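Below is one structure, written out as structure tokens, with a few remarks after it.
The values are calculated or read from the model by the stated rules, or taken from the named source; none is laboratory data. This is a predicted model, so every value here is computed, not measured. All Cβ positions, glycine included, derive from the backbone under ideal geometry; neighbour counts span all protein chains shown. Note: accessible area is taken over every heavy atom of the protein model, side chains too, but ligands, DNA and RNA are not part of it. Shrake-Rupley method; radii C 1.70, N 1.55, O 1.52, S 1.80 Å.
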Amino acid sequence: AGRRYVALLVALGMVASASAVCPRVKTSMETWDWGPLSSTVVQFTNHSTKDGNNQWTAHLCDGVYSNMHDFGVFSGGAGSIKFHQPSDTFYMMYQGGDRGDGCEHTPRQADVYIHCQGCPEYLDEKNEACGLASSPCVCAAYEKDCIGEVHMVLQCPSGIPNYRMGFDVYDASTGIEEDISKVVIKDGEVMPGWTDEDVPSVAHDRAVIPGDVSSAVFYLMMADEDLKGLPSSQEVDAPDVFSDQPHILAVTLSGSAAEGGVVDTQEMLMLQLDFHCYQTGLADVHVEISFANKYYPCDFAFTYECGMGGSSGEAGGMSFGSWLLFLILFGFVGGCGYNYIALQKRGEDIVPGIAYFLMAKEVIEALIAKAMSGSMSGGGAAGGARESSTEGYQAL
């Protein structure tokens, strides 16, 4: 939800081609209404040395021509669309231009690219003044082998997602506030509390998993309800999961949904996310579930608290053993200081309980001496036994 490129060819239909009304553009994932852009006219002066077509005019959704040639008109059913995330680029084919100056056998045509996020970097000799702030405008226009190429920038209309009806995702994790819906995705659309956030945050309406929860579990399923003619099973791609703060949190996935699969009304898939913290902090975890370009992908997100929310996290809090060791060391150092300053003791006498330590030392030394004496006497007998036997050894 980078990250992913989709190229889709679809027919473009004209609502009213006679009046050059721009069409509704539809793919299996989204629909765009280009009607408000009808009759948009952009003129461009080409200062490059690519060809002699200096003055260009692009008319949506009618015709493209220059000071030298006519490059045809846009007609319903011609053309295609490319959906490129995160930069949307639409492509429209203009056909039926003139046949002069070397194009006697093939009429001229124009490939018009409409960039919704500004001029692409790969263009040579592009118009640096063209951008979203100055749109509509032309980035570049030139002709090669009877084909004109025009790159425009427009404030594109928003697409209407085509969600997968019946596809649901259910949260089975622990530690999330009770007022956050356990239904993450309903009919392919993300529910409140699970939407993307630009910056990791903790809010009352945001799904937050505390740091003492080492993993989260989600179930992917198809609802057993009227799907209005749609199939009751759905192919699911392998989920795309990432942390937006990789220096704080890494996420690994497992379960039957980890490599993708098929869900239906009788069988669901399980996705398990395991959390690995590197340091204390907040991180957003993003999950994208796609459907082989058949429907709009499902995107949801939540915040994970590394080193917060519990005492057993990988980062942040101290364990019980750590606290016990800290208290012992603190008491030992404090006792030494008291004996030295208050009681004016010196040498080994400043150690709290030194008499008991010395007694323990004498007992341990006696036990060690006794053990060594027995080992030496027993070792001689064992050595004699080894010398009297050559089993397992090669004679020299």
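Quick notes on this structure:
- Label point distance in nm, LYS294-ASP179, each placed 7 Å from Cα along Cα→Cβ: 3.9
- Estimated FRET transfer efficiency when R0 is 30 angstrom, pair VAL363-ILE328 (beta carbons, to 0.05): 0.85
- Apportionment of accessible area to carbon and sulfur, the range 221-280, percent (1.4 Å): 48
- LEU132 paired with SER158, simple spin-label distance in nm, labels 7 Å along Cα-to-beta-carbon: 1.4
- With N as its number of residues, the range 96-200 has a Cα radius of gyration that, divided by 2.2 N^0.38 Å, comes to 1.83.
- Relative protection proxy for 221-231, 278-288, from highest mean packing down: 278-288, 221-231 (other beta-carbon atoms within 10 angstrom).
- Net lengthening on full extension, SER233/ASN67 (0.36 nm per residue, minus Cα-Cα): 54.2 nm
- Surface share of carbon and sulfur [accessible, 1.4 angstrom probe, percent] for the range 108-155: 45
- For the range 191-305, accessible area per residue (1.4 Å probe, heavy atoms of protein chains only), Å²: 45
- Reducing the range 112-178 and the range 264-296 to their Cα centroids gives an inter-centroid distance of 26 Å.
- Each label was represented as a point 7 Å from its Cα along the Cα-to-Cβ direction; for HIS47 and ASP205 these points are 4.9 nm apart.
- Members of LYS182/LYS294; LYS126/LYS294; LYS26/LYS228 lying beyond 30 Å, as alpha-carbon distances in this model show: LYS126/LYS294
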